[in-house]
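A short worksheet on the structure shown next.
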Amino acid sequence: MFATLDPTVRRISTGDLTYTVTDTVGFVRHLPHQLVDAFRSTLEEVTRSDLALHVVDASAPDALDQITTVHGVLHEIGARDVPELLVLNKIDVAPAEWVDALCRVHPHAVPVSARTGAGIDHLRVELARRVRY
């Protein structure tokens, strides 16, 4: 039901900045409310964040629906106003037309491949730009 069950915390350094990144539970559509409630404390980590790094599987046929679902859950937990950086992962296996369509709908999204490293430098630049005070 959840793509990730246990939150993971890591420190990432980019140039002169160091970030604490928390990988929280992943979302799937039509979750029973009791499951959302069970993970509420984990999900609420997002409400205290400077930036929500929203990673989406660009190779999923329903990626747009998944984005909408996550936005709904973020709204429900009170994190609607947390700045978001949408990251489109798995561009190495996603059909190019799907990635293009996602980028048209979400022009500020950052397409990447965690497996090949494509787009990671751009992601680091965007992280530094958005988090720097």
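The values are calculated or read from the model by the stated rules, or taken from the named source; none is laboratory data. Computed from a predicted model, the values in this text were never measured in an experiment. So basically every Cβ, Gly included, is an ideal-geometry build from the backbone, and we count neighbours across all protein chains shown.
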Just name the residue that is farthest from Glu45 (Cα to Cα) out of those in the range 69-104 that are exposed (fewer than 12 other Cβ atoms within 10 Å of the Cβ) and not charged (D, E, K, R).
Ala96
Test: Asp100 is charged (D, E, K, R), assigned to a helix (DSSP H, G or I) and on the phi < 0 side of the Ramachandran plot
yes
Pairs returned, first residue in the range 105-133 that is in contact (Cβ under 8 Å) with a residue 60 or more places away in the chain, second residue that is not aliphatic (A, V, I, L, M), beta-carbon separation under 7 angstrom, 6 or more apart or interchain, are Arg124/Thr14; Leu127/Thr14; Leu127/Tyr19; Ala128/Thr14; Ala128/Gly15; Arg130/Pro83; Val131/Tyr19; Val131/Asp50
Would you pick out the residues in the range 55-68 that are surrounded by fewer than 20 Cβ atoms within 10 Å (Cβ to Cβ) and touching an Asp or Glu at 6+ places or on another chain (Cβ under 8 Å)?
Gln66
Qualifying positions in the range 6-28 - farther than 16 Å from Arg129 by Cα, over 15 Å from the mean Cα position of the chain (by Cα) and modelled with pLDDT under 75
Asp6
Which of the residues belonging to the range 50-70 are out of contact with any Phe, Trp or Tyr (no Cβ under 6 Å at 6 or more places or on another chain) and either acidic (Asp, Glu) or within 23 Å of Tyr19 (Cα to Cα) (or both)?
Asp50, Leu51, Ala52, Leu53, His54, Val55, Val56, Asp57, Asp62, Asp65
Can you find, within the range 105-133, the residue that is surrounded by the fewest Cβ atoms within 10 Å (Cβ to Cβ) among those that are in a helix (DSSP H, G or I) and among the charged types (D, E, K, R)?
Arg129
